[in-house]
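The values are calculated or read from the model by the stated rules, or taken from the named source; none is laboratory data. Predicted model, so just to flag it, every value in this text is computed and none were measured. In this analysis, Cβ positions are derived from the backbone assuming ideal geometry, glycine residues included, and neighbour counts consider all displayed protein chains.
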Amino acid sequence: MIKNFKKRSYRISAAVICCALAGGVVFTTNVTAKNNSIVTRIDNESSINKQQGNKLFIDAPVKYYSNLEKAEAVAGFKFKAPNYISANYRVGDIAVRKVSDKVNMLEILFIENMGDKSFRFLTSKENMEDVLKQNAQQMYKNSKVEISKEAKNLSGISGFNITVKSTGTQEQTAKFFVWQNEGVWYGIETEIKYNKHFKDGEGQVHMNGIATAKVDNVGKIASSIKTVKDIKNVNYSVNDDRYKLFVYDNEDLKKAEELLEFAPKLPLNVGKDIAIEDSTVESLGNLSCQFNVFYRFKGVNPIHFTQSKNSDIYKDLKKKGYVEVKDAAGKIQHKKAQTLKIANKEVYKYETSSEDAINEKEKVENYIWKESNFYCKVSISSFDDSQTQNPENQDEIAKKFVNSKSIN
């Protein structure tokens, strides 16, 4: 990932990068990418989609799930998935991608067990050619998207080879074999670009250019598809050691409470210019978990709201009045805190700063406080450039989070 949510962010592997190069989407941590055109911003009205029954809180453009059953329920249509993949591949991600307000596409990322390669399996109720084009146009807004296709019979399956090419600020080419089965469209990424990596003498991983690879046994994979309940030979259970759960609806929220051991806050309406984007339960590696909620101010500035049962930062601030942070050079700095009183709670406010990947100065206002049985922290980012409109009153934004209630 590249900078925990600094202008969008969370999961990554080399395989996910490959997926992005072939027309997928990248989620990264530790690198800021403020003007990220491949991520669709959700506005408050569309992202807060409340339904009867299992209420959908966050209608993210890409929703991640740990099994096919939940993904099928969210996708809104019955589909089939491969009952065969090569032994050196495994399931990396299962996602439901919102192509438009009315069109969903299921996307399964298969990644090499030992290596950088990956490929995607896609399915949708809508014509796959149209879905691929819409998806590329949505992800690469400043590019021209061209589609070409030719009829192809593969292992007795009549379908098409489709090439999706985007030109402009982001040049990408992806190739797919697509076909229709019982009224549902399917696609397999047949040719991909991926990042080549190598390790130096100190074990650091470096990118060593971009290579192209073709997926083997496409016909065998395509002819193996079965309904979800009939799949026996492929393990579709996604285990992520870091991100235990992505939270979008009531069912997810109940599971989150069990993992966190408290009922978290999930403020949906923080302000007209602030859109909620995603929420996750993250493992902290010490048998405890943290609840992350990601927002964005006017589609650009990130706001990160975290909740956990313990907080060394809060304890240090309460005891010492400052927190220790490392600057860009790795030197320890003492950041003094200001104490605010909000809703009868003692809220500590302190500022940190850094430079992002394109050398823009980033300032972060951090607010941290204690609830009855858990701790909360909200971090609000501003950027030192003439094109970015920053939040004007961070204290008022923080107040919305402090005053919010746990969802039961």
Residues of region 248-272 that turn out to be in contact (Cβ under 8 Å) with a residue 40 or more places away in the chain and over 15 Å from Y375 (Cα atoms), as a count: 11
Would a scan of region 265-272 turn up a residue that is more than 17 Å from Y367 (Cα to Cα) and surrounded by 19 or more Cβ atoms within 10 Å (Cβ to Cβ)? no
Restricting the search to region 299-321, which residues are surrounded by 15 or more Cβ atoms within 10 Å (Cβ to Cβ) and either polar (S, T, N, Q) or modelled with pLDDT under 90 (or both)? G299, V300, N301, T306, Q307, S308, S311
Which listed residue, of V270, V205, V238, V215, is at pLDDT below 95 and under 26 Å from K400 (Cβ atoms): V270
It is to be established whether one or more residues within region 281-292 are of a type in the set (A, V, I, L, M, F, W, C), farther than 14 Å from L260 by Cβ and without any contact (Cβ under 8 Å) to a residue 60 or more places away in the chain. no
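Yes/no matrix, rows are residues, columns are (1) in a strand (DSSP E or B); (2) in contact (Cβ under 8 Å) with a residue 24 or more places away in the chain:
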| position | (1), (2) |
| --- | --- |
| K63 | yes, yes |
| A71 | no, yes |
| F77 | no, yes |
| I94 | yes, yes |
| R97 | yes, yes |
| K102 | no, no |
| M105 | yes, yes |
| I108 | yes, yes |
| I111 | yes, yes |
Name the residue, out of E362, E351, that is assigned by TED's automatic domain parsing to the domain that holds K265, in a strand (DSSP E or B), in contact with a strand residue (DSSP E or B) (Cβ under 8 Å, 6 or more places away or on another chain) and surrounded by fewer than 19 Cβ atoms within 10 Å (Cβ to Cβ). E351
Would you confirm whether or not region 276-296 contains a residue that is at pLDDT 90 or above, in a loop (DSSP other than H, G, I, E, B) and not assigned by TED's automatic domain parsing to the domain that holds A81? no
Which residues, counting only those in region 81-110, are over 20 Å from K226 (Cα atoms) and under 17 Å from the mean Cα position of the chain (by Cα)? R97, K98, V99
Could you list all residues from region 132-151 that are closer than 27 Å to E72 by Cβ and either small (G, A, S) or at pLDDT 95 or above (or both)? A136
